[in-house]
């Protein structure tokens, strides 16, 4: 058996990556597929086959995906815990029978060749599917807020969204925009003129899946709706993914360069996956080491980022007041 353990505290996107990668590796190795923690991935709007039920993961060998982290002064988290920058781990697809996979597991290389099967595995039940917001002149912005909104290194700056919308308007001058988000308050502060919705979980999912045009955040939630979509014509995602705001060339992580996406840089230009991979190959990874949690350097960055966060909130408040 080859499988994975679905963990409490993971988001839906992270669980789906673990599930899909492990299931594809099991299929490639002609092994039985199984999962532990099945209670954490029960979706009423899909008929997910979670494979054999594993009640005691300790009875299996464990393979932890290889990690690579950079310790940089972009945020207290990155200084202490490191920014996850790893690319695909060749060992994932070579694990022996009787092993459970653990890790990020988000590289397309892990499940390439199984796209049609994945579409069937993640097929939304007919009664939950919806094409209400499928239109040739409507672009969906899938904005991630929540805990992201408090991290200036992670929460996508407004310029990312406005640049992406401008590029979409070149595709269709009359393009309309609608936000699907987990945080309508943060979305409303940034774009008070745009409709922002947090529907039911299934409607958020299918609205992204059935869009014609999509601007993604640096969140795993939208990947599989986009990957299994039969309607999407264009997808724009943030270059450098989870460190779009601050990276000097590294990706957080390199696993999030996908063949169907176009990546928007801070320079307002779009980059193909091939261009992104080539640039990353030429990047010289610095040697770094972690700081202590209570160090003066970490405290200084924490205070700096809080000032930036408050400044951004103040600027958005002023814009709303002027708009009114």
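In the stretch 261-294, what residues are over 17 Å from residue 243 (Cα atoms), loosely packed, with under 14 Cβ neighbours inside 10 Å and either touching a residue at least 40 places away in the same chain (Cβ under 8 Å) or touching a strand residue (DSSP E or B) at 6+ places or on another chain (Cβ under 6 Å) (or both)? 289, 292, 293, listed by residue number.
Is it true that residue 182 is over 30 Å from residue 48 (Cα atoms) and either surrounded by 20 or more Cβ atoms within 10 Å (Cβ to Cβ) or in contact (Cβ under 8 Å) with a residue 24 or more places away in the chain (or both)?
Values: over 30 Å from residue 48 (Cα atoms): no; either surrounded by 20 or more Cβ atoms within 10 Å (Cβ to Cβ) or in contact (Cβ under 8 Å) with a residue 24 or more places away in the chain (or both): yes.
Taking the combined requirement at face value, the residue does not satisfy it.
Could you check, for the stretch 55-68, whether at least one of its residues is over 23 Å from residue 8 (Cα atoms) and touching a residue at least 12 places away in the same chain (Cβ under 8 Å)? Yes, that holds for at least one residue. Picking from residues in the stretch 131-140 that are in contact with a strand residue (DSSP E or B) (Cβ under 9 Å, 6 or more places away or on another chain) and in contact (Cβ under 8 Å) with a residue 40 or more places away in the chain, the one that is nearest to residue 166 (Cα to Cα) is 139.
Go over the candidates 16, 50, 101, 72 one by one and state the one that is outside any helix (DSSP H, G or I), in contact (Cβ under 8 Å) with a residue 12 or more places away in the chain and under 23 Å from residue 217 (Cα atoms). It would help to see each step written out before you state the result.
On the way: 16 fails: outside any helix (DSSP H, G or I); 50 fails: under 23 Å from residue 217 (Cα atoms); 101 fails: under 23 Å from residue 217 (Cα atoms).
Testing whether each residue is outside any helix (DSSP H, G or I), in contact (Cβ under 8 Å) with a residue 12 or more places away in the chain and under 23 Å from residue 217 (Cα atoms) leaves just 72.
Here is a yes/no grid of residues against (1) assigned to a helix (DSSP H, G or I); (2) touching a strand residue (DSSP E or B) at 6+ places or on another chain (Cβ under 9 Å); (3) not assigned by TED's automatic domain parsing to the domain that holds residue 19:
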site: 105; (1), (2), (3): no, yes, no
site: 149; (1), (2), (3): yes, no, yes
site: 162; (1), (2), (3): yes, no, yes
site: 167; (1), (2), (3): yes, yes, yes
site: 173; (1), (2), (3): no, no, yes
site: 188; (1), (2), (3): yes, yes, yes
site: 192; (1), (2), (3): no, no, yes
site: 204; (1), (2), (3): yes, yes, yes
site: 215; (1), (2), (3): no, yes, yes
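The values are calculated or read from the model by the stated rules, or taken from the named source; none is laboratory data. All of these numbers come straight from a predicted model, not from anything done at the bench. Cβ: placed from backbone, ideal geometry, glycine included. Neighbour counts: every protein chain shown.
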